[in-house]
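Right, one structure below, let's go through it.
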Amino acid sequence: MSKILIIEDDLSIGEMMSIYLYEEGYQVMRAETGRQGEMLFRDFEPDVIVLDIMLPDVDGIQLCTDFRNSSTIPILMVSAKNEVSDRVKGLQTGADDYLCKPFSMRELSARIQALLRRSHAFPPPAQSTATTEQIVHLDLEKRCLFVHSKIIETTFSEFEIMKLFWQNQGRVYSREELLNRVRGFDSYVTERAIDVHIANLRKKIEADPKEPKYIKTVWGVGYKFLLT
């Protein structure tokens, strides 16, 4: 049974989410403040966090950052703020998805299911084609990125970029080409966001992101991926 931590100060919305998800078969705990959420995060060990941005005691954005700095648990951010800039800020802070209020409970459940599917920690294949020198490995069937045989959490757009790189190693892709790859999944992405995705991927797979070994910048053109 997957465990869901809801951090929501609105009593009616929090109760509604808790009851619906409980009836869907999840184990649910709810916090009404950020501080309560931090304690439950440590003690409850959830599989997904549903986090409201507007909390009475702490900034939800900062709380998201704190969670992300210590864990790869999927975070679904919910908020009445529906401007594009708010959504982008939430995702760049470390949230894996963003849901604008008001929303249906069915959509909430579907978003959580998607996050659980993407974050499920599959073990590396027993008969992996990766050699001992191949530090980075992509399992396309299970949508998993491995570094040193450990699964690395990625957003949907980050995985799509890595998938394109993996299947076409050595080919140089412009920002526009990468943008076209992910635009169908993230309608708010821009060429600047591609640079952010690349920077985040480098942090996840490179020993030294400032001197990347795998994801290379081709100045004036774009990026390419090389295992050697």
Query raised in the report: By its C-alpha gyration tensor, with a ≥ b ≥ c as the square roots of the eigenvalues, how is the stretch 136-225 shaped: rounded for a/c under 1.5, else prolate for a/b larger than b/c, else oblate?
Result: oblate
Requested in this report: Among Ile135, Ile61, Ile73, determine the one that fluctuates most according to a GNM of the chain built with springs between C-alpha atoms less than 10 Å apart.
Outcome: Ile135
Query raised in the report: Could you state the number of Å between the C-alpha centres of the stretch 201-221 and the stretch 152-180?
Result: 13 Å
Report summary line: Classified through the alpha carbon gyration tensor (a ≥ b ≥ c as square roots of its eigenvalues; rounded if a/c is under 1.5, else prolate when a/b is larger than b/c, else oblate), the stretch 16-173 comes out prolate
Query raised in the report: So what's the angle, to the nearest 10 degrees on a 0 to 90 scale, between helix 191-205 and the longest Cα principal axis of the chain?
Result: 80 degrees
Report task. Once you've got the Cα coordinates, tell me which of Lys101/Lys216; Lys101/Lys203; Lys3/Lys81; Lys89/Lys204 are over 28 Å apart. Result -> Lys101/Lys216; Lys101/Lys203
**Report entry** Förster radius 41 Å - calculated FRET efficiency between Val221 and Leu116, Cβ distance, rounded to 0.05
**Finding:** 0.60
Report task. Express in nm, to one decimal, how much length is gained between Cys100 and Ser71 on full extension, taking 0.36 nm for each residue of separation and deducting their alpha carbon distance. Result -> 8.1 nm
**Report entry** Residues His148, His137, sorted so that the one with the fewest Cβ neighbours within 10 Å comes first
**Finding:** His148, His137
Query raised in the report: What lysines could a cross-link reach from Lys210, if we take a straight Cα to Cα line under 17 Å and drop same-chain neighbours fewer than 8 places away?
Result: Lys224
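Read the figures in this text as sums done on the coordinates, not as results from a lab. Nothing here was measured: the structure is a model prediction, and the numbers come from that model. Counting neighbours? That spans all protein chains shown, and the Cβs are built from the backbone with ideal geometry, glycine included.
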